[in-house]
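The values are calculated or read from the model by the stated rules, or taken from the named source; none is laboratory data. Keep in mind it's a predicted model, so treat the numbers as computed, not measured. Note that we place each Cβ from the backbone using ideal geometry, even for glycine, and neighbour counts take in every protein chain shown.
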Amino acid sequence: MDSILVTGGNELSGQIPIAGAKNACLTLMPATLLSDEPLTLTNAPRLSDIKTMTELLQSLGAEVTSLQDGKVLAMSSHNISNHTADYDIVRKMRASILVLGPMLARDGHAVVSLPGGCAIGARPVDLHLKGLEALGAELELKDGYIHAKAPGGLKGGIVNFPLVSVGATENVLMAATLAKGTTVINNAAREPEIVDLADCLRRMGAQIDGDGTSTITIQGVERLHGATHPVVTDRIELGTNMLAPAICGGEVELLGGRIDLVAAFCEKLDAAGILVEETDKGLKVARRNGRIRAVDVITEPFPGFPTDLQAQMMALLCTAEGTSVLEERIFENRFMHAPELIRMGAQIEVHGGMATVTGVDRLKGAPVMATDLRASVSLILAGLAAEGETVVSRVYHLDRGYEHVVGKLSSVGAKIERIKGQ
């Protein structure tokens, strides 16, 4: 199994291009199932999760072709020959559940395995199911599969989510585009990935209003047509790479970066003593003089501080002056990186959904193990600031969400390499 070797101590300088958003692309790809005409995505990220979604769509009969070294995905679902999303594929990635709404809306039936993915809590799919039931879907859970049908087609309805769920909002939004009548989604997720999906669906002929707010209204149409759509910049890759010069010094420009995608995150960086400036090409990040200052962080749905940047922010705060408190309100069991950071000399105490981080002068390199996608990159960031060598194992998580992380960091001066497993 591969590992990553990081030698700390180098300041960073240069430019890092930011890829299209993984979470957006994984949502946009199932949208091809809504139409029998081609859907082409540009600015696609080159990640293992994208390959998994490609495999899943192809298993359903969709045609997916990777062009321009993987940056363009040309898809066509003119012939959906299979309506069962098999466990062997779905278990690899939670986003697989997003084929449920489109298949149900287009053909009136679907069988989808309950999903898998990172081990960061239960993350049940009940909100997806309740949302689709509000549109008239008949659902049954049997032998680990969701059996869904809508014999007369889906019908518009009122969907009241008790909790904000990005995935459930996306599934219902796609399904509602072909439902008869008007659908209103209350307490909808507001993430940029939701807006990006709505933009793509509008390009395909959908009638959608209110995306980016907590109330989305969809007027169903009879059919959707083909389209070409650019995937929005990955705000999590953006935030992660913004932390690299913040942690080890220097100045880096993030090409394609936008403050509106990471505004709450930028506020915390400013409070910690990190300078973020807009440029013609993206965002420039540099650490101000002196030691990083402690800040408190609470993860919240967009536009709040992203849960997917919590682990990386913790790595930064490990060497801050003072004590920081991080409160995780999105997922339970999402501090599994803390024990690994402690192995590097960090002072962290975890109590339920809260972690208290008391900054130390310097972390020390150590062998550590990645437990999930965001934890893996937080350990790499910590290694950049640590004294000596850090070896991060189980980095297969990393390939799911970060495009060429070793190459991008080494191009700006980081001493980092991937070591092939035996």
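Number of residues in the stretch 288-339 that are at pLDDT below 95, within 11 Å of residue 359 (Cα to Cα) and not in a loop (DSSP other than H, G, I, E, B) equals 0. Right, residue 265: of a type in the set (Phe, Trp, Tyr) and either outside the structural domain of residue 383 (by TED's automatic domain parsing) or in contact with a Leu (Cβ under 9 Å, 6 or more places away or on another chain) (or both) or not? Yes; evaluated as a whole, the condition is true for this residue.
What number of residues within the stretch 382-397 satisfy the criterion of being assigned to a helix (DSSP H, G or I) and more than 18 Å from the chain's Cα centre (by Cα)?
4
Looking only at the stretch 90-102, decide whether some residue is hydroxyl-bearing (Ser, Thr, Tyr) and touching a Leu at 6+ places or on another chain (Cβ under 9 Å). Within the stretch 90-102, one or more residues are hydroxyl-bearing (Ser, Thr, Tyr) and touching a Leu at 6+ places or on another chain (Cβ under 9 Å).
Just give me the residues in the stretch 398-422 being surrounded by 20 or more Cβ atoms within 10 Å (Cβ to Cβ) and within 21 Å of the chain's Cα centre (by Cα), in sequence order. The answer is 398, 400, 401, 402, 403, 405, 408, 409.
Comparison of 150, 85 shows that the only residue that is surrounded by 23 or more Cβ atoms within 10 Å (Cβ to Cβ) and not β-branched (Val, Ile, Thr) is 85. Those strands (runs of 3 or more DSSP E) of the stretch 1-105 in which 3 or more residues are of a type in the set (A, V, I, L, M, F, W, C) and at pLDDT 95 or above occupy 3-7, 72-76. Restricting attention to the stretch 272-309, the residues that are in contact with a helix residue (DSSP H, G or I) (Cβ under 8 Å, 6 or more places away or on another chain), within 22 Å of residue 256 (Cα to Cα) and in contact (Cβ under 8 Å) with a residue 60 or more places away in the chain total 5. Against the numbered list (1) in contact with a helix residue (DSSP H, G or I) (Cβ under 9 Å, 6 or more places away or on another chain); (2) under 28 Å from residue 23 (Cβ atoms); (3) surrounded by fewer than 24 Cβ atoms within 10 Å (Cβ to Cβ), residue 362 comes up short only at (2).
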